[in-house]
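Read the structure below first, then the notes.
The values are calculated or read from the model by the stated rules, or taken from the named source; none is laboratory data. This one's a predicted model, so the numbers in the text were calculated from it and none came from an experiment. So basically every Cβ, Gly included, is an ideal-geometry build from the backbone, and we count neighbours across all protein chains shown. The accessibility values were calculated without ligands, DNA or RNA, using every heavy atom of the protein model including side chains. Shrake-Rupley method; radii C 1.70, N 1.55, O 1.52, S 1.80 Å.
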Number of protein chains: 2
Amino acid sequence: MDVQRLELLRELAERGSVTAVALATHRTPSAVSQQLKVLEREAGLPLTERSGRGLVLTDAGRALAASATDIAVALERATAVWDTFRNTATGDVSLVTFPTAGQMLLPGVLQDLASHEGLTVHCTDMDPDLSDFPALTSDYDIVLAHSMRGQLTWGGRGLTSVPLMTEPLDVGLPADHRLAGRVSLGAGDVVGETWIGVPVDYAFERVLHDIELQTGSRARITQRFADIRLIESFIMAGLGIALVPRYTSSGNQPGRMVLKPLRGLDSERQIVALMRPDRAERLAVRTVVDALRARAAQVQAEHAAAAG
Amino acid sequence: MDVQRLELLRELAERGSVTAVALATHRTPSAVSQQLKVLEREAGLPLTERSGRGLVLTDAGRALAASATDIAVALERATAVWDTFRNTATGDVSLVTFPTAGQMLLPGVLQDLASHEGLTVHCTDMDPDLSDFPALTSDYDIVLAHSMRGQLTWGGRGLTSVPLMTEPLDVGLPADHRLAGRVSLGAGDVVGETWIGVPVDYAFERVLHDIELQTGSRARITQRFADIRLIESFIMAGLGIALVPRYTSSGNQPGRMVLKPLRGLDSERQIVALMRPDRAERLAVRTVVDALRARAAQVQAEHAAAAG
DNA sequence: ACATCCATGAAGCCAGCCTACATAGTCACT
DNA sequence: AGTGACTATGTAGGCTGGCTTCATGGATGT
C-alpha cells in the first residue's frame, strides 16, 4: 500500500485524465498508467474504467481517493511539526488572486512576510468568475476567492476555506451627483440611474438583481466592465453610477467621486482563502494565510476608523 | 518526506533501540540507521541523540513519531476502504490473551469466524500481570487485557481500547461450606476464612485488600496460584475459598463448589481489547474485535439467563 | 583489559520506477 | 469513410535508492 500511488489516484480524481496527472506530477503518462495499474492489482478490484477515450473512477476508486486526502493531510501535518520545531516556515507558496483583492492585500502581506527568510510567495492574478475557483486549488496553494453571501459553492467539495474579510459593495457616484450629499442610499434611490455594470454572470450582478426585485423596475445598464479602475473612470466622467467594493476602490476622491453605502440590501462580498486541505496544513501556507488575515483585518479597521 | 522512514521512527519510539526495530521490521540495523539518518537530514534537525550505547529520541523526534501514528491510522483506514469494497476481511490477525479470557471467548470466536474465508487468527496466551499489556501491542494486533475498575493504565498511551465485558468476581466456596446456602456475601462474612490467593501484584489482590480495609482484619492467605483450575481444585478439596471470575470459572458444580456474589464491594474486572490505533483500523482486526464483542455479550446473556 | 552490545560507515547488489518509443482505441471533422 | 488528433497502455532498458554484508568505533560491565 503505497502513498505515492494513492496520491496519483487522488490527482486523477481531481484532474480527470492520466495525461493531466502526468503533466502535473512531471511524469510521463505511461508511468502514471503503470502505477495506477499496480495500485489496482494491490487493491484487487477495479478503481478506474474507460469512458470514451478517457477514463473515470469507479465508486471504490473515488472512496480510495478520498481517504488518500486524509493521508495527505496527516503527512503535511507531520512536516508542519518539524517546521514548527525549526521554527521556520520555508519553501515556496503559490497564490492566485483576483485583481482587486490582490491590490488591496498582497503588497502589505509580502512586506509583512519579508522577515521570513526562505519563504517565497509566488503570486499570480486571474480574472474572477471566468475562472473556477475550486479547480484552481489543484494548481495553487492558496486561491483568493470571493463569493456573495449565501452562495457557498465551495467547502462542499472538501476544500478548506478561511474567511479573510467581508467587503461591502457601495454605490459609486460622481461628486456632483444629485445623491452625493446623502449618507446612504436605498434601492429606490438608485434604480432609475444609468448603471455601469459588470459582465453578465459576475457575482456583483446579483445585487443589481436584488435592487430590481425590490423596486419592480429594471436597471438601465449601458456599459459592462470587469476592471474596477475602468468603472471608476466612467463614474468620475459622469457617465453613470456603479457598485464598487468599498475597500478595493480608490475610495472617496474629493471633487470627483463619492461612495455611499446601500441600505436594505445584502450588498457585500466574502473574501476567502481557498485551499486543498493537505496544502492548508503546511506551515508555510498557514503563515501566509495568517498574514492575509492580519492584513485584511487591518484594512477593515482603517476604513472603520476613517468612517467613524 | 517518506512514510516508511516515519514508520521506522515510530517503531524506534516504541521499541527503543535500532536493533529492536531492525528485528521487528526484518531488516538489518544498518538499514534502519541509514534511513533514520536520511530522515534526520530531511528534517534538518536532530531527531535522536546517543545515550550510553543506545539512543533516545529528542522532543522533535517524539513529536514526529506521534504524527507518524496519525499517518499510519489514515493509511490503514484507506486499506480498510478497499477491504470494505471487496467485502472481505482477509489477512492474518495476531492475538494474545490471558488464559481465562481465552478459554471463555476464543473457541466461540474462532467458530464464528470460520465462515470468513482468508481470515486467519493467530492466538497465543500469556500470563497476565506478569506481562505489560500495552507493550504487547507492538507485537500483536489484539491484546486481550483485563483491569480492575478505576485503574485505566492504558488509553493514556494513545492506544485504542475496546471494552468487551465486565466480569464479576465471585467467591468460590466448597458445596458443604457453612456459607453455601447464602444468596450473597459481604466482606464481614468472608474475611475470617482461609483464602487461596493469586500471586502478589495480581490485579485480583485489590479486592482482598478492599475486604481487609472494610473489615479492619487481615485475610489469611495460605496458597497463591495463578491458574484458575488449580484454585478451583483447592476450593473443592475444602482447602479454602477464593475469588473466582464468574464467567471464566467452571461455575456451580453441584455437590462440589458454589459461587456467591460479593456485595458492598467493587468486585469486577473489565476485559478489553487493546490495540495500536493503526492496527485497530484494519478491517480484519475490526472483524475479529466485533466477534469478540458479540461472543462476550452472549456469554454475559447466558449467565444472566441461568441466574434469573 | 577483554568481551559484549550497541550504532554506524563503505561497497556492492538488486528491485522498482521512470523514460522513450510503439500500439490500440475513440472522437471530430471533412 | 478516412484522416488526424487525442486518449490510455503496453515493452525494453536505464538509473536511483534501499537493502545486505562486512568492518569500525564507542560504551558497559566483569
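Quick check: is even one residue across the stretch B:99-112 in a strand (DSSP E or B), away from DNA strand C (no atom under 13 Å from the Cβ), open to solvent by less than 40 Å² (accessible area, probe 1.4 Å) and assigned by TED's automatic domain parsing to the domain that holds B:Ala291? Break it down stepwise before answering.
Restricting attention to the stretch B:99-112, the residues satisfying the condition of being in a strand (DSSP E or B) are none.
No: zero hits.
What's the number of the only condition in (1) assigned to a loop (DSSP other than H, G, I, E, B); (2) within 16 Å of DNA strand D (Cβ to nearest atom) that A:Ala89 fails to meet?
Among (1) assigned to a loop (DSSP other than H, G, I, E, B); (2) within 16 Å of DNA strand D (Cβ to nearest atom), A:Ala89 violates only (2).
Would you pick out the residues in the stretch A:51-65 that are out of contact with any strand residue (DSSP E or B) (no Cβ under 8 Å at 6 or more places or on another chain) and more than 8 Å from chain B (Cβ to nearest Cβ)?
Across the stretch A:51-65, the qualifying residues are A:Ser51, A:Gly52, A:Arg53, A:Gly54, A:Arg62.
In the set B:Ser67, B:Ser17, B:Ser30, which member is out of contact with any Ser or Thr (no Cβ under 6 Å at 6 or more places or on another chain), more than 14 Å from DNA strand D (Cβ to nearest atom) and modelled with pLDDT of 90 or more? First the steps, then the outcome.
Working: B:Ser17 fails: more than 14 Å from DNA strand D (Cβ to nearest atom); B:Ser30 fails: more than 14 Å from DNA strand D (Cβ to nearest atom).
Every option except B:Ser67 fails the conditions.
Within the stretch A:18-45, which residues are within 14 Å of chain B (Cβ to nearest Cβ) and open to solvent by 60 Å² or more (accessible area, probe 1.4 Å)?
Matches in the stretch A:18-45: A:Arg41, A:Glu42.
Identify the single condition in (1) in the same structural domain as B:Thr97 (by TED's automatic domain parsing); (2) surrounded by fewer than 17 Cβ atoms within 10 Å (Cβ to Cβ) that B:Arg295 does not satisfy, given that it satisfies every other one.
Unmet for B:Arg295, out of (1) in the same structural domain as B:Thr97 (by TED's automatic domain parsing); (2) surrounded by fewer than 17 Cβ atoms within 10 Å (Cβ to Cβ): (2).
Looking at B:Val190, B:Val198, which is the one that is under 17 Å from B:Ala175 (Cα atoms) and touching a helix residue (DSSP H, G or I) at 6+ places or on another chain (Cβ under 8 Å)?
Of B:Val190, B:Val198, the one residue that is under 17 Å from B:Ala175 (Cα atoms) and touching a helix residue (DSSP H, G or I) at 6+ places or on another chain (Cβ under 8 Å) is B:Val190.
For A:Val207, are the conditions met, namely being in contact (Cβ under 8 Å) with a residue 12 or more places away in the chain, among the β-branched types (Val, Ile, Thr) and not in a helix (DSSP H, G or I)?
In short, no.
Looking at the stretch B:121-132, is at least one residue more than 10 Å from chain A (Cβ to nearest Cβ), within 30 Å of A:Glu281 (Cα to Cα) and assigned to a strand (DSSP E or B)?
Residues of the stretch B:121-132 that are more than 10 Å from chain A (Cβ to nearest Cβ), as a first pass: B:121-132.
Those still in the list that are within 30 Å of A:Glu281 (Cα to Cα) too: none.
No; the residues of the stretch B:121-132 include none that is more than 10 Å from chain A (Cβ to nearest Cβ), within 30 Å of A:Glu281 (Cα to Cα) and assigned to a strand (DSSP E or B).
Only one of (1) farther than 24 Å from A:Arg86 by Cα; (2) more than 10 Å from DNA strand C (Cβ to nearest atom) is not met by B:Thr28, so which one is it?
So B:Thr28 meets the others, but not (2).
Would you confirm whether any residue within the stretch A:140-150 is out of contact with any strand residue (DSSP E or B) (no Cβ under 6 Å at 6 or more places or on another chain), at pLDDT 90 or above and away from chain B (no Cβ under 14 Å)?
no
Restricting to the stretch B:56-73, name every residue that is in contact with a helix residue (DSSP H, G or I) (Cβ under 7 Å, 6 or more places away or on another chain) and aliphatic (A, V, I, L, M).
Passing the criteria: B:Leu57, B:Ala60, B:Ala63, B:Leu64, B:Ala65, B:Ala68, B:Ile71, B:Ala72, B:Val73.
B:Leu169 is checked against (1) in a strand (DSSP E or B); (2) modelled with pLDDT under 90; (3) crowded, with 16+ Cβ neighbours inside 10 Å and fails just one. What number does that condition carry?
Against the list (1) in a strand (DSSP E or B); (2) modelled with pLDDT under 90; (3) crowded, with 16+ Cβ neighbours inside 10 Å, B:Leu169 comes up short only on (2).
Among the listed residues B:Val93, B:Val73, B:Val81, identify the single one that is farther than 25 Å from A:Val73 by Cβ and either among the β-branched types (Val, Ile, Thr) or within 16 Å of DNA strand C (Cβ to nearest atom) (or both).
Testing whether each residue is farther than 25 Å from A:Val73 by Cβ and either among the β-branched types (Val, Ile, Thr) or within 16 Å of DNA strand C (Cβ to nearest atom) (or both) leaves just B:Val93.
Checking the structure you have, find out if any residue of the stretch B:39-47 is in contact with a Lys or Arg (Cβ under 9 Å, 6 or more places away or on another chain), within 11 Å of DNA strand D (Cβ to nearest atom) and either within 28 Å of A:Gly91 (Cα to Cα) or touching a residue at least 60 places away in the same chain (Cβ under 8 Å) (or both).
Yes: the stretch B:39-47 contains one or more residues that are in contact with a Lys or Arg (Cβ under 9 Å, 6 or more places away or on another chain), within 11 Å of DNA strand D (Cβ to nearest atom) and either within 28 Å of A:Gly91 (Cα to Cα) or touching a residue at least 60 places away in the same chain (Cβ under 8 Å) (or both).
Kindly indicate the residue of the stretch B:218-257 that is among the small types (Gly, Ala, Ser) and in contact with a strand residue (DSSP E or B) (Cβ under 7 Å, 6 or more places away or on another chain) and also modelled with the lowest pLDDT among those meeting that condition.
Restricting to residues being among the small types (Gly, Ala, Ser) and in contact with a strand residue (DSSP E or B) (Cβ under 7 Å, 6 or more places away or on another chain), the top hit is B:Gly251.
Restricting the stretch A:69-90 to residues that are free of Cβ contacts under 8 Å to residues at least 12 places away in the same chain and within 7 Å of chain B (Cβ to nearest Cβ), which is surrounded by the fewest Cβ atoms within 10 Å (Cβ to Cβ)?
Residue satisfying both the conditions and the ranking: A:Arg86.
With the structure loaded, tell me whether A:Arg62 is near DNA strand C (Cβ under 10 Å from one of its atoms) and either more than 22 Å from A:Leu159 (Cβ to Cβ) or modelled with pLDDT under 95 (or both) or whether it fails that test. Write out each step before concluding.
Numbers: near DNA strand C (Cβ under 10 Å from one of its atoms): no; either more than 22 Å from A:Leu159 (Cβ to Cβ) or modelled with pLDDT under 95 (or both): yes.
So A:Arg62 does not fit the description; no.
Exactly one of these conditions fails for A:Ile231: (1) over 22 Å from the mean Cα position of the chain (by Cα); (2) under 12 Å from A:Trp195 (Cβ atoms). Give me its number.
Failed condition: (1).
What are the pairs with Cβ atoms under 9 angstrom where one residue, in the stretch A:1-24, is more than 19 Å from B:Val3 (Cα to Cα) and the other, located anywhere, is among the hydrophobic types (A, V, I, L, M, F, W, C) and surrounded by fewer than 17 Cβ atoms within 10 Å (Cβ to Cβ)? Sequence gap at least six, or different chains.
Short answer, once both residue conditions are applied: A:Ala13/A:Ala66; A:Glu14/A:Ala24; A:Glu14/A:Ala135; A:Arg15/A:Leu23; A:Arg15/A:Ala24; A:Gly16/A:Val56; A:Ala22/A:Ala31.
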